[in-house]
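Asks: Below: one structure in structure tokens.
Derivation of every value follows stated rules applied to the coordinates shown; laboratory data play no part. Remember, it's a predicted structure, so these values are computed and weren't measured experimentally. A quick note on method: Cβ atoms are made from the backbone with ideal geometry, for glycine too, and the neighbour counts reach across all protein chains shown.
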Amino acid sequence: MINGTKILFIGPMGAGKTTAITCISDDPPIKTEASNSARHISDKQTTTVAMDFGRIYMDQFNAIDLYGIPGQEHFDFLWPILEKGALGAIFLLNCDTTDQIIQNSLEKFCNDFSRLRDNSAIVIALNRANENAVSLCHNWLRENNIVLPVLMADPRNRDDIIMTLELLIATAEVDLLPEGEIHDAG
């Protein structure tokens with residue numbers, strides 16, 4: 001029997017959740033793709049309608065289970081079900097859009113996943129971002145008194161997604177330390 005640590009990939013439709021899981025999964029991922037009926041939101045041909053699932057093996061007994069949550073609001077009833085037992089989440093945000101859409105996506109994420117944000121580790125990974133998008137994200141988080149790590153990551157690039165996953169796990173480990181107890185690694 002393999003023990004799995006559950007990590008979520010969340011974000012709006014078209015952010016790259018399925019791509020990221022496909023990129024790093026050791027097994028062929030399970031995808032629940034269907035024709036995209038919301039082409040006005042994202043021009044991609046298919047979209048996730050239940051979840052994506054992939055797995056990274058740490059050794060013969062331990063793995064990281066990767067769950068991609070559908071980004072469309074009409075699937076929001078699945079979000080709390082998939083959140084249960086998660087160590088944390090990578091929030092993917094596609095930044096090749098307007099500043100207002102980026103801010104709206106951050107606000108929606110923080111509202112829709114507030115319970116997850118308050119009880120789990122979260123990392124924000126900006127897809128197709130530039131320094132302006134990173135600054136915008138940092139400023140919005142600061143203005144809303146939210147502290148989360150932010151980095152640029154291409155969901156097609158295995159090294160980027162592995163680095164994001166490592167940051168998430170490190171953040172979760174720090175969160176598990178008793179308050180005020182951070183040890184020097186040197």
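Asks: In square nanometres, what is the average projected area of the Cα convex hull of the stretch 3-176?
Replies: Details: hull surface 38.5 nm².
Orientation-averaged projected area of the Cα hull: 9.6 nm².
Asks: Follow-up. Could you derive backbone 3J(HN,Hα) for the stretch 145-150 from the dihedral phi with the Karplus parameters 6.51, -1.76 and 1.60 (θ = phi - 60°), listing whole Hz in sequence and x where the residue is Gly or Pro?
Replies: Karplus values, whole Hz, x for Gly and Pro: 6, 10, 10, 9, x, 10.
Asks: Grab the other residues whose beta carbon is less than 15 angstrom from that of Glu131, score K and R as +1, D and E as -1, and report the net.
Replies: Residues close to Glu131 contribute a combined charge of -1.
Asks: Let me ask something additional. Considering amide H positions built from the backbone, and no H for Pro or chain starts, which residues 5 or more places from Thr5, or on another chain, come under 5 Å of its amide H?
Replies: So Thr5 has HN proximity to Ala63, Ile64, Asp65.
Asks: Moving on to the next point. Can you put Phe9, Phe75 in order, fewest other beta carbons within 10 Å first?
Replies: Arranged by neighbour count, lowest to highest, Phe9, Phe75 become Phe75, Phe9.
Asks: Please name whichever of Val134, Ile124, Leu106 sits farthest to the positive end of the charge dipole of the stretch 3-176, dipole taken about the Cα centre and charges placed at Cβ: Lys and Arg +1, Asp and Glu -1.
Replies: The listed residue farthest towards the positive side: Leu106.
Asks: What's the exposure ranking of Val147, Val123, going from fewest to most Cβ atoms within 10 Å?
Replies: Going from least to most buried by this count: Val147, Val123.
Asks: While we're on this one: With θ set to phi - 60° and the Karplus curve 6.51 cos²θ - 1.76 cosθ + 1.60, what are the ³J(HN,Hα) couplings of the stretch 87-96 in order, to the nearest whole Hz, using x for Gly and Pro?
Replies: Rounded to whole hertz, the list is 5, x, 8, 9, 9, 8, 9, 7, 9, 8.
Asks: If neighbour count is taken as other Cβ atoms inside 10 Å, put Asp154, Asp76 in order from fewest to most.
Replies: Fewest to most other Cβ atoms nearby, the residues stand as Asp76, Asp154.
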